[in-house]
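See below for the structure under consideration.
The values are calculated or read from the model by the stated rules, or taken from the named source; none is laboratory data. Source: prediction; values computed, not measured. Quick reminder, even Gly has a Cβ in these numbers, built from the backbone with ideal geometry, and neighbours come from all protein chains shown.
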Amino acid sequence: MTSATVTSGTVTSRSVTNRHRGEVSLVLSEERFVLRLSLQALAEIETALGAGDLQGLGERFAGGRVAARDLVALLGAAIRGGGAALADEDIARRIGAEDLPRAVEALAALFALSFSGESPARPRAP
């Protein structure tokens with residue numbers, strides 16, 4: 001699958017997602033971003049959220065409570081993992097209250113896809 005490139009100022013992101021690579025798309029401020037949990041993105045998230053490891057991240061979110069700064073850190077790392085050069089502050093400015101449900105849904109799909117152990121091409125049998 002080939003991907004197109006969208007450039008807006010200093011932002012560069014691929015506009016086509018590849019679910020085989022664990023990618024999910026999200027539209028913010030009328031611009032589509034590819035979200036991906038690369039190893040670098042996971043390391044950024046661990047550092048930003050003060051989790052010592054991946055298990056610590058899971059424990060942190062197990063209670064279901066997420067702060068706005070957590071969402072910004074998660075989205076920032078995932079957007080950069082998807083190839084866009086965008087700082088957390090820029091992402092925070094692009095997200096309005098109306099975008100939150102879509103952003104949370106995209107992050108949930110990203111983590112489910114990345115850590116489910118299933119191939120996106122082969123859904124689990126019922």
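Could you tell me which residue of the range 63-91 is nearest to the chain's Cα centre (by Cα), considering only residues that are surrounded by 15 or more Cβ atoms within 10 Å (Cβ to Cβ) and of a type in the set (Gly, Ala, Ser)? For the range 63-91, the residue satisfying everything is Ala78. Within the range 84-119, being more than 13 Å from Leu37 (Cβ to Cβ) and not in a helix (DSSP H, G or I) holds for Ala84, Ala85, Leu86, Ala87, Ile95, Gly96, Gly117, Glu118, Ser119.
For the range 28-80, filtered to residues that are assigned to a helix (DSSP H, G or I) and in contact with a strand residue (DSSP E or B) (Cβ under 8 Å, 6 or more places away or on another chain), the residue that is nearest to Pro101 (Cα to Cα) is Leu75. Residues in the range 24-56 that are surrounded by 13 or more Cβ atoms within 10 Å (Cβ to Cβ), modelled with pLDDT under 90 and acidic (Asp, Glu): Glu31, Glu46. Residues that are of a type outside the set (Gly, Ala, Ser) and exposed (fewer than 12 other Cβ atoms within 10 Å of the Cβ) were ranked within the range 94-108; the one that is farthest from Ala48 (Cα to Cα) is Glu98. Listed by first and then second residue, the pairs linking a residue in the range 94-109 that is β-branched (Val, Ile, Thr) to a residue that is part of a helix (DSSP H, G or I), with Cβ atoms under 8 Å apart and 6 or more places separating them unless they lie on different chains, are Ile95/Leu71; Ile95/Val72; Ile95/Leu75; Ile95/Ala103; Val104/Leu71.
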